[in-house]
């Protein structure tokens, strides 16, 4: 199994087998099976239990595997387990009070500048002092280069890659390449708004977004043009979870107007350990027929398109990193074919146009070959995309037995 394989989250409601009493009489076990048509890659399995079972089991972790109990929005708990199985392989996992010490590799944040005041559309302060927040509502004057949000918006990362979202009208998604597995975003941009463009010990900002959507941001089509978030009544950000194996946040846009048509859009972003992919879940107040996502179209890159079952991916690979001349970067967007009406090349992006709906899910992924655990060339990157498609189509299955 190649070391650059990735994980994908699977949410599973657990069925109990052989349970004859509310008390645990034997050691509980988890049976995890990877379908024969699945991918030979790691996956993050999320197990949910009844309230009674949570109380019985929450003292345990899994023996020999990275796992953690995660608190859900409703106050209940889920057990997240990072597993790696070959297609068709089955593994029985025991609960243990002496589980592995899990390394904290997933992280999400939004950091706001303090100690100054607004002067027009710019935030003026002596020096750079920032404070992390769990909730945020964009002030009316916030725009690009307001120097108010550290690296201009929320950031998120795991052991393989990092990302940032411009939390202003641009709404583009950028890539932070990482040189190693340790979290590094908490220190990025603390000294200003230029240093993270230079390659440092932790990594660097490596994608030129320009007028594009960057990697997997949302836009709306008006004629031949992709409209960003120039007209929005209100934008807010909420940290949903910052755990050891996963991190997630929400960005909510109220009154996004294009061609006099307003819609509310809520987006949940989630990243997991061992997986450079970010999963994006989108909820709209009403269906619209011009919603798109896309990835920046840089020259001298190879365009890639693959499909397996009901999942498809578009990707680019080549010397599109700005870290150094000739530095390569792989970018990809995964989507379900029944949620998409069209895929085409726009002025600045390779675009994916969604069918009118109120709920959809897609994934975005960046791979930097300089990371020790990343694909090293286009062929390995394409193999990774294929494996990811198989995991999306046939995720692992899990059952708890007592």
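For the reader, a short list of remarks on this structure follows.
- When segment 1-39 is filtered for residues that are surrounded by 12 or more Cβ atoms within 10 Å (Cβ to Cβ), modelled with pLDDT of 50 or more and farther than 23 Å from residue 280 by Cα, the ones remaining, listed by number, are 27, 28, 29, 30, 31, 32, 33, 34, 35, 37.
- Test: residue 206 is in contact with a strand residue (DSSP E or B) (Cβ under 9 Å, 6 or more places away or on another chain) and farther than 25 Å from residue 293 by Cβ: no
- Some residue of segment 271-293 being free of Cβ contacts under 8 Å to residues at least 60 places away in the same chain, farther than 20 Å from residue 359 by Cβ and outside any strand (DSSP E or B): no
- Residue count for segment 113-139 under the criterion of being in a loop (DSSP other than H, G, I, E, B), in contact with a strand residue (DSSP E or B) (Cβ under 9 Å, 6 or more places away or on another chain) and over 30 Å from residue 245 (Cβ atoms): the result is 6.
- The criterion of at least 3 residues that are more than 13 Å from residue 293 (Cβ to Cβ) and in contact (Cβ under 8 Å) with a residue 12 or more places away in the chain is met by the following strands (runs of 3 or more DSSP E) wholly inside segment 318-381: 359-367.
- Identity of the residue in segment 265-283, surrounded by fewer than 20 Cβ atoms within 10 Å (Cβ to Cβ) and closer than 15 Å to residue 171 by Cβ, that ends up nearest to the chain's Cα centre (by Cα): 267
- Flag if residue 292 is buried (at least 20 other Cβ atoms within 10 Å of the Cβ) and either farther than 18 Å from residue 165 by Cα or at pLDDT below 95 (or both): no
- Annotation: residue 82 fulfils all but one of (1) crowded, with 20+ Cβ neighbours inside 10 Å; (2) touching a residue at least 60 places away in the same chain (Cβ under 8 Å); (3) farther than 30 Å from residue 375 by Cα; the unmet one is (3).
Residue-by-condition table, conditions (1) modelled with pLDDT of 95 or more; (2) in contact with a helix residue (DSSP H, G or I) (Cβ under 8 Å, 6 or more places away or on another chain); (3) surrounded by 14 or more Cβ atoms within 10 Å (Cβ to Cβ):
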{"residue": "56", "(1), (2), (3)": "no, no, yes"}
{"residue": "59", "(1), (2), (3)": "no, no, no"}
{"residue": "63", "(1), (2), (3)": "no, no, yes"}
{"residue": "75", "(1), (2), (3)": "no, no, no"}
{"residue": "108", "(1), (2), (3)": "yes, no, yes"}
{"residue": "151", "(1), (2), (3)": "yes, yes, yes"}
{"residue": "161", "(1), (2), (3)": "yes, no, yes"}
{"residue": "166", "(1), (2), (3)": "yes, yes, yes"}
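- Hits in segment 185-225 - residues which are surrounded by fewer than 24 Cβ atoms within 10 Å (Cβ to Cβ) and more than 20 Å from residue 170 (Cβ to Cβ): 186, 187, 190, 191, 195, 198, 199, 200, 201, 202
- Residue 306 meets the conditions (1) crowded, with 19+ Cβ neighbours inside 10 Å; (2) over 22 Å from residue 161 (Cα atoms) in every case but one. The failed one is (1).
- Of the candidates 177, 217, 200, the single residue that is more than 22 Å from residue 274 (Cβ to Cβ) and either assigned to a strand (DSSP E or B) or outside the structural domain of residue 335 (by TED's automatic domain parsing) (or both) is 217.
Condition check ((1) at pLDDT below 95; (2) in the same structural domain as residue 313 (by TED's automatic domain parsing); (3) farther than 30 Å from residue 62 by Cα) across all residues:
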position	(1), (2), (3)
347	no, yes, yes
350	no, yes, yes
354	no, yes, yes
358	no, yes, yes
364	no, yes, no
367	no, yes, no
381	no, no, yes
386	no, no, no
390	no, no, no
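The values are calculated or read from the model by the stated rules, or taken from the named source; none is laboratory data. The shown structure was predicted, so the numbers you read here are calculated from the model rather than taken from an experiment. For neighbour counting, all protein chains shown are included, and Cβ atoms are generated from backbone atoms with ideal geometry for every residue, glycine included.
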